[in-house]
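Data block below; observations after.
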Amino acid sequence: MSATPTKATTRRYRVTVTAHDADRGVAQAREHVVAVNLRRGGGAAGPNAVEMLLSALGTCLLTNVQALAAKMRLPLTQAWVTLEGVRQERPPCLVSIRYTLHLRSPAPAAKLRALHEKAVAWGTVARTLQQGVPLEAHLDLGTDLA
């Protein structure tokens, strides 16, 4: 009797962020490029790192809301997330993240609350932020390519 192939239990993601100068960089995931701001505290080059983190959480939640609403046969006329992170200076880290998931639908409120709970429960970014994840760092001090 042959072994049945099992479904993969992991998926890998890869993003490269490259500095163009002291203020501007780009984040690239697959063929998609996003301008990012590298100046501390803000700047006009694009979203900063914290804004990108908050964007990732909002995208995670809306991705699951859209998919789960379809599965649950819940009509949505509008869905958006507003997010806010609070940063402390020393040591620098976010000490809180708050969001509001805005749903517009003729569906009963109880079903929309269940949709929200499932969206968080199945959210990769949401669960990662809730539980934390260890960072593994490596430093490449190879020669310049220029």
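Observations on the model:
- Calculation over all alpha carbon pairs of the chain in 5 angstrom steps from 0 returns a P(r) of 2, 7, 13, 16, 17, 16, 12, 8, 5, 3, 2, 1, 0 percent.
- Principal axis extents of the C-alpha atoms in the range 48-131 (largest first, rounded to whole Å): 46, 21, 20.
- The range 1-103: GluC sites (Glu not before Pro) falling in loop per DSSP and having at most 15 other Cβ within 10 Å: GLU31, GLU89
- In the range 40-97, trypsin sites (Lys or Arg not before Pro) in a DSSP loop with at most 14 other beta-carbon atoms within 10 Å: ARG40, ARG73
- Derived scalar couplings ³J(HN,Hα) [the range 19-30; Karplus, 6.51 cos²θ - 1.76 cosθ + 1.60; whole Hz; x for Gly, Pro]: 7, 9, 7, 5, 10, 10, x, 9, 9, 10, 10, 6
- Exposure proxy for THR10, THR59: other Cβ atoms within 10 Å of each Cβ, ordered fewest to most, give THR10, THR59.
- Taken along the Cα-to-beta-carbon direction at a fixed 7 Å, the label points for GLU136 and VAL33 span 3.0 nm.
- Sequence-distant residues sharing a close amide H with VAL36 (under 5 Å, placed H): GLY25, VAL26, ALA27
- Per-residue 3J(HN,Hα) values for the range 89-96, derived from phi via the Karplus relation 6.51 cos²θ - 1.76 cosθ + 1.60 with θ = phi - 60°, read 7, 10, x, x, 6, 6, 9, 7 Hz in sequence order (x marks Gly and Pro).
Read-outs throughout are calculated quantities, based only on the coordinates presented, and are distinct from any laboratory measurement. Please read all numbers here as calculations on a predicted model, not as lab measurements. We place every Cβ from the backbone using ideal geometry, glycine too, and count neighbours over all the protein chains shown.
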